Amino acid sequence: MKHILKVFKIGGGILDDEAQLLAFVREFSRVAGRKILVHGGGKGASQMLQDLGIQPQMVQGRRITDAATLDVVTMFYAGKTNKQLVAALQAAGTNALGLSGADGNVIRAVKRPVRDIDYGFVGDLPAGSVDTGLLGTLLEAGLAPVLCAITHDGRGQLLNTNADTIASTVARALAAQYEVELHFCFEKDGVLADIHDEASVIPQIEPGQYQQLKAAGVIAAGMIPKLDNAFAALEAGVEKVVIEHALKINAPVKTVLCRS
């Protein structure tokens, strides 16, 4: 029988607010068993770029990462953000280990090819990019890996990789060893039937129902790529995907995505 593994991903809104981040850390530390935390960088990286006189470049919500930007986001994601998170987790009683993709060769990416847009030093994750053996060893030793959005190509080049993609790819890769739950944590209690009604959380969504909700316009905009990615993870062996409020991960109100 496989052990349960919970992979949590947190993003900007939580990382940008110190009080909320510490509240999330306390909730994460209450989660028993094997767990992994994946984080992005929030708005702080863009602010640091501006402070250094570098104008952040975004296309459709995705960062263009030139050489100067890569230096800054590496410092911010793999340095400041990752180590502050690890320190906060240690204070809350979780023995955490912060990692970039280069550390232990845990996540090896490939530089995104130039098509319509040159994203610069951005990494995509092909099959086999995650070292599941190393992550399994850390988990079985009682450590909680904390993975940032910096990966590498195995030839000395660091790359900036979308944190949602990292979380989904890690969850898929470990599904052969564990019964994996993938948790996307943000500022809402789950997927809402009415975007103007915070109490309208849809408790469970199956693939057929998801298509109906998309067609009706109930699920739209930025939630579509997140849920498309989530259902792809389910098809790839992840047991379930949870969309939930970052400060209520131990509460019953949330949206659970299921295969059937």
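Points worth noting:
Results for (1) of a type in the set (Val, Ile, Thr); (2) more than 17 Å from HIS39 (Cβ to Cβ); (3) touching a helix residue (DSSP H, G or I) at 6+ places or on another chain (Cβ under 6 Å), shown as yes or no for each residue.
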{"residue": "SER100", "(1), (2), (3)": "no, no, yes"}
{"residue": "VAL106", "(1), (2), (3)": "yes, no, yes"}
{"residue": "VAL110", "(1), (2), (3)": "yes, yes, no"}
{"residue": "PHE121", "(1), (2), (3)": "no, yes, yes"}
{"residue": "THR132", "(1), (2), (3)": "yes, yes, yes"}
{"residue": "ASN162", "(1), (2), (3)": "no, no, no"}
{"residue": "ILE166", "(1), (2), (3)": "yes, no, no"}
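- When residues in the stretch 201-217 are screened for being within 18 Å of HIS183 (Cβ to Cβ) and over 22 Å from the mean Cα position of the chain (by Cα), 0 of them pass.
- Neighbours by Cβ (under 9 Å, 6+ apart or cross-chain): first from the stretch 207-235, without any contact (Cβ under 8 Å) to a residue 24 or more places away in the chain; second assigned to a helix (DSSP H, G or I) and basic (Lys, Arg): ALA220/LYS214; ILE224/LYS214
Residue-by-condition table, conditions (1) among the hydroxyl-bearing types (Ser, Thr, Tyr); (2) modelled with pLDDT under 95; (3) over 15 Å from LYS9 (Cβ atoms):
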| site | (1), (2), (3) |
| --- | --- |
| VAL180 | no, no, no |
| ALA193 | no, yes, yes |
| VAL201 | no, no, yes |
| LYS214 | no, yes, yes |
| MET223 | no, yes, no |
| GLU235 | no, yes, yes |
| ILE249 | no, no, no |
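- With respect to the stated conditions, VAL256 is modelled with pLDDT of 95 or more, surrounded by 13 or more Cβ atoms within 10 Å (Cβ to Cβ) and not hydroxyl-bearing (Ser, Thr, Tyr).
- The set of residues in the stretch 232-253 that are under 13 Å from VAL191 (Cβ atoms) and surrounded by fewer than 20 Cβ atoms within 10 Å (Cβ to Cβ) comprises VAL242, VAL253.
- Exactly one residue out of ALA78, ALA102, ALA67, ALA109 is surrounded by 19 or more Cβ atoms within 10 Å (Cβ to Cβ), over 16 Å from the mean Cα position of the chain (by Cα), aliphatic (A, V, I, L, M) and closer than 22 Å to ARG155 by Cβ, and it is ALA102.
- The one condition from (1) surrounded by 22 or more Cβ atoms within 10 Å (Cβ to Cβ); (2) at pLDDT 90 or above; (3) within 18 Å of ALA87 (Cβ to Cβ) that VAL7 does not meet is (3).
The values are calculated or read from the model by the stated rules, or taken from the named source; none is laboratory data. Everything quoted here is computed from the prediction, not taken from an experiment. Counting neighbours? That spans all protein chains shown, and the Cβs are built from the backbone with ideal geometry, glycine included.
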